[in-house]
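K.L.:
Just dropping this structure here.
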Amino acid sequence: MEVTQAAHPLPAREPEWVRRVYADPAALGDIADAVGGGPFHVLHPDQFTVNLAGFVDAMVTAGVDGKVYFGKKANKAACWPRACAGANAGVDVASAPELVHALANGVRGEDLVVTGPAKTDDLLWLAARHRGLIAVDALDELDRLVAIADAADPVRILLRVLPASNPHSRFGFDDAELALALDRCVEHRARITMEGFSFHLTGYAVAPRAWQASDVIDRCLAARARGLAATSVSIGGGFAVDYVGETAWQEFLRDYRDDWFHTGKKFSGFYPYHADPAGGEMLSAILASSVASQHADLAAKFAQTETRLLIEPGRAMLDGCGFTVFPVLGYKQREEYGFITASGLSLSLSEQWFASEYLPDPFLWPQRGTGVPTNACVGGSSCLESDMLSWRKIRFDRVPRRGDLLIYPNTAGYQMDSNESEFHQLELPPKIVVTTASDRIGWRWESARRGGM
Ligand SMILES: *Cc1c(COP(=O)(O)O)cnc(C)c1O
């Protein structure tokens, strides 16, 4: 009876380094002691470098010249821009503090792409000073850039297009605006270098990205005919992440019931936690798509038109790059299921604040042998009923106890720190960078202020 109450399990796929950290008898407990009872995030930049290489390999294999810009908003840690600086990748920033943080961690201005709507004059000026590539989103922004630019040092821009698959987006130029923007680029070409076009699509589908990229390459060719550089196309981010196995995900969706969740809570939808293709393989699939033109596929169209491919993956660069640990403060058994109270807040699990739920299964560490299986939800240590890390009734293989560590897997992409605050005057969870290069698990504090931010 009790066991049927629990939701179907959704165990996370996890890389080797994570399994090594879990298996180490001391590391996680030592870190928890050093942190002093609060929650913490564990990061592993080497995995980020592996993910980055996956995207680069996809371009090289397809014979396409291009560059990867990490979508910085997905995680605030300094180790990611540092890893980008070490691997000749760029960073996608959307605010002046993000720009400064990237620079302070070794990323050169020319390796920045600046996105975001209605950018402040300060951001435009800083980006221009550092020779970043600015994805212009509106005509007045273009005018403000013309005013900032001088002919000795033209400003590098992309024009962001309103995507055909999302015609109601508030981002990008529609066709009429684009015609005006192109006229201005031609008029001011001494001060503005129009390097091409960009777009960023919601959703994780391959086909609309391939189609939109093909369309925008045609726009590049037309712009070149008018004397503009138009060398590059940014297809944005939105590369999928494969969090859980296909069978588990399909059975979860097939058998889904509201009463799997505390209070029968209803959700507006879930992230597609199983995806195939994901990450670099999704880029390969986009490039292998056939597009209606004389080219064999999209990769051939990029190559034969000598167009550079720019991508801005955020979440997918962070796949398998970190997890979050919440010490268990208490466990309360009710008639049908229990409540774990975690040290920490659901603000460290951002999905909980988008009318949705982070679904890859959390689990208890250490795994102290077998016990009585228990179904439990997970609440945060605040006074809010709504502060739930998991509304879902999760099956644990033993009764949780105070002092256990509760681990949420694969949280580096958007979960960790986009919504964190010092609610209840609690400190923000520290970030701990682990290394697994030697037999011993090494770890260090990732200073929140590293690089002056
Ligand atoms: C958020 C964003 C990205 C990154 O998106 P992911 O889904 O994390 O890959 C890239 N480009 C732009 C313009 C964005 O707004």
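K.L.:
Please verify whether Asp24 is within 25 Å of Leu133 (Cα to Cα), in contact (Cβ under 8 Å) with a residue 60 or more places away in the chain and of a type in the set (Asp, Glu), treating the condition exactly as stated.
P.N.:
Here the answer is no, as Asp24 does not meet what is asked.
K.L.:
Tell me, yes or no, whether the stretch 139-152 has at least one residue that is within 30 Å of Lys301 (Cβ to Cβ) and assigned to a loop (DSSP other than H, G, I, E, B).
P.N.:
no
K.L.:
Here is a follow-up. Just checking, does the stretch 181-204 include any residue being aliphatic (A, V, I, L, M), touching a residue at least 12 places away in the same chain (Cβ under 8 Å) and part of a loop (DSSP other than H, G, I, E, B)?
P.N.:
yes
K.L.:
If you don't mind, there's one more thing I want to ask. Cβ-Cβ below 7 Å, separation at least six or inter-chain, first residue in the stretch 313-329 and in contact (Cβ under 8 Å) with a residue 12 or more places away in the chain and among the basic types (Lys, Arg), second in a loop (DSSP other than H, G, I, E, B) and more than 8 Å from the ligand (Cβ to nearest atom): which pairs?
P.N.:
Pairs found: Arg315/Val241.
K.L.:
Going through the stretch 97-136 one residue at a time, which ones are surrounded by fewer than 21 Cβ atoms within 10 Å (Cβ to Cβ), under 19 Å from the mean Cα position of the chain (by Cα) and not in a loop (DSSP other than H, G, I, E, B)?
P.N.:
Pro97
K.L.:
Shifting gears a bit: From the list Ser390, Ser421, Ser382, exactly one residue is surrounded by 20 or more Cβ atoms within 10 Å (Cβ to Cβ), more than 18 Å from the chain's Cα centre (by Cα) and outside any helix (DSSP H, G or I). Which is it?
P.N.:
Being surrounded by 20 or more Cβ atoms within 10 Å (Cβ to Cβ), more than 18 Å from the chain's Cα centre (by Cα) and outside any helix (DSSP H, G or I) holds for just one of Ser390, Ser421, Ser382, which is Ser390.
K.L.:
Another question, if that's okay. Can you give me the ranges of the strands (runs of 3 or more DSSP E) entirely in the stretch 259-354 with at least 2 residues that are away from the ligand (no atom under 16 Å from the Cβ) and among the aromatic types (Phe, Trp, Tyr)?
P.N.:
Because the criterion is at least 2 residues that are away from the ligand (no atom under 16 Å from the Cβ) and among the aromatic types (Phe, Trp, Tyr), the strands (runs of 3 or more DSSP E) in the stretch 259-354 that meet it are 322-333.
K.L.:
Now, a different point. Quick one: would you say Val216 is within 16 Å of the ligand (Cβ to nearest atom), closer than 25 Å to Lys72 by Cα, of a type in the set (Val, Ile, Thr) and outside any helix (DSSP H, G or I)?
P.N.:
Against the criterion (within 16 Å of the ligand (Cβ to nearest atom), closer than 25 Å to Lys72 by Cα, of a type in the set (Val, Ile, Thr) and outside any helix (DSSP H, G or I)), Val216 does not qualify.
K.L.:
May I ask you to list the residues in the stretch 296-346 that are in contact with an Asp or Glu (Cβ under 8 Å, 6 or more places away or on another chain) and small (Gly, Ala, Ser)?
P.N.:
Scanning the stretch 296-346 gives Ala303, Gly314, Gly320, Ser346.
K.L.:
While we're looking at this one, here's another question. Kindly provide the set of residues from the stretch 31-42 that are assigned to a helix (DSSP H, G or I) and free of Cβ contacts under 8 Å to residues at least 60 places away in the same chain, ordered by number.
P.N.:
Scanning the stretch 31-42 gives Asp33, Ala34.
K.L.:
Output the residues belonging to the stretch 153-174 that are under 21 Å from Gly236 (Cα atoms) and in contact with a strand residue (DSSP E or B) (Cβ under 9 Å, 6 or more places away or on another chain).
P.N.:
Val155, Arg156, Ile157, Leu158, Leu159, Arg160, Val161, Leu162, Phe171, Gly172, Phe173, Asp174
K.L.:
Can you tell me which residues in the stretch 325-363 are of a type in the set (A, V, I, L, M, F, W, C) and within 25 Å of the chain's Cα centre (by Cα)?
P.N.:
The answer is Val325, Phe326, Ala342, Leu345, Leu347, Leu349, Trp353, Phe354, Ala355, Leu359, Phe363.
K.L.:
Here's another thing I want to ask about it. Being surrounded by 20 or more Cβ atoms within 10 Å (Cβ to Cβ) and more than 15 Å from Cys84 (Cβ to Cβ) is the filter here; which residues of the stretch 45-65 pass it?
P.N.:
Correct list: Ala58, Met59, Ala62.
K.L.:
So, Ile235, is that one within 15 Å of Ile286 (Cα to Cα), within 16 Å of the ligand (Cβ to nearest atom) and touching a helix residue (DSSP H, G or I) at 6+ places or on another chain (Cβ under 7 Å) or not?
P.N.:
Here the answer is yes, as Ile235 does meet what is asked.
K.L.:
Here is a follow-up. Name, by its number, the condition in (1) at pLDDT below 95; (2) crowded, with 23+ Cβ neighbours inside 10 Å that does not hold for Val42.
P.N.:
Answer for Val42: the failing condition is (1).
K.L.:
Looking at the stretch 208-226, is at least one residue out of contact with any Ser or Thr (no Cβ under 8 Å at 6 or more places or on another chain), at positive phi and not assigned by TED's automatic domain parsing to the domain that holds Ala412?
P.N.:
No: zero hits.
The values are calculated or read from the model by the stated rules, or taken from the named source; none is laboratory data. Since this is a predicted model, take the numbers as computed values, not measurements. Here Cβ is always computed from backbone atoms with ideal geometry, including for glycine, and neighbour counts include all displayed protein chains.
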